[in-house]
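Encoded as structure tokens, the structure appears first; notes follow it.
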Amino acid sequence: MFCRIVSGEVPADVVRTSARTVAFRDIAPQAPVHVLVVPRVHVEHAGALDDTHAADLSDMFATARAVAEQEGIADPSRGYRLVFNVGKDAENSVPHLHLHVIGGRPMTWPPG
Ligand code: AMP
């Protein structure tokens with residue numbers, strides 16, 4: 001599915017693109033800001049990353065920071081959460097690596 005968003009075949013609410021990533025709003029947001037940063041290259045999940053993905057990962061984190069800045073939550077007085085889910089217990093539902101950028105409200109941990 002996310003490969004088809006990256007290719008433009010499936011529409012998404014894209015907030016930012018870079019050479020190696022596409023960032024778009026989550027379809028079921030958990031907070032006022034909930035953006036997914038997806039590498040253009042297909043990687044199943046964070047547990048499948050290796051040395052060849054260093055540039056993609058670097059771009060994903062830079063894009064996450066840029067998204068936080070453009071959404072007005074980058075300053076630590078606001079802040080945001082970055083999440084990678086891997087596997088069943090984490091409820092990873094889409095088999096294409098994605099970094100959740102979640103913010104715009106205070107978050108407690110563990111979730112209720
Ligand atoms: P995860 O549990 O880490 O696999 O998260 C997958 C996320 O993708 C969930 O938060 C979904 O709401 C979101 N999602 C699934 N399909 C789409 C889509 N077509 N566009 C935007 N977000 C999606």
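The table below lists the values:
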read-out: Within a Gaussian network of the chain (alpha carbon springs, distance under 10 Å), most fluctuating of Thr63, Thr17, Thr52; value: Thr52
read-out: Built amide H within the under 5 Å cut-off of Thr21, gap 5+; value: Arg40
read-out: Estimated vicinal HN-Hα couplings, Hz - segment 17-33 in sequence order (Karplus 6.51, -1.76, 1.60; Gly, Pro = x); value: 10, 9, 4, 10, 9, 10, 10, 9, 6, 5, 6, 10, x, 8, 7, x, 10
read-out: Segment Ala55-Ser93, extension gain: residue separation times 0.36 nm, minus the distance between their alpha carbons; value: 11.2 nm
read-out: Calculated diffusion of segment 63-112, Stokes-Einstein form, Kirkwood radius summed over Cα pairs, 10 °C and 1.306 mPa s, µm²/s; value: 130
read-out: Relative contact order, percent, segment 1-85 [alpha-carbon distance under 8 Å, six or more residues apart]; value: 24
read-out: Kirkwood Rh, Cα atoms: Rg over Rh of the chain; value: 0.94
read-out: Between helix 54-70 and the chain: long-axis angle, C-alpha atoms, 0 to 90°, nearest 10; value: 30
read-out: Among Ser93, Ser18, Ser77, residue whose mean-square fluctuation peaks in a GNM of the chain (springs only between Cα atoms under 10 Å); value: Ser77
read-out: For the chain, built as a Gaussian network whose Cα springs stay under 10 Å, the top-fluctuating residue of Glu91, Glu71, Glu44; value: Glu91
read-out: Whole-Hz couplings from phi, Karplus 6.51/-1.76/1.60, listed for segment 77-89; x for Gly and Pro; value: 5, 9, x, 7, 10, 10, 9, 10, 9, 10, x, 5, 4
read-out: Gyration tensor over alpha-carbon atoms, segment 17-75, equivalent ellipsoid semi-axes in Å; value: 21, 13, 10
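Rule-based calculations on the coordinates, nothing more; no lab input. What you see is a predicted model; the values in this text were computed from it and never measured.
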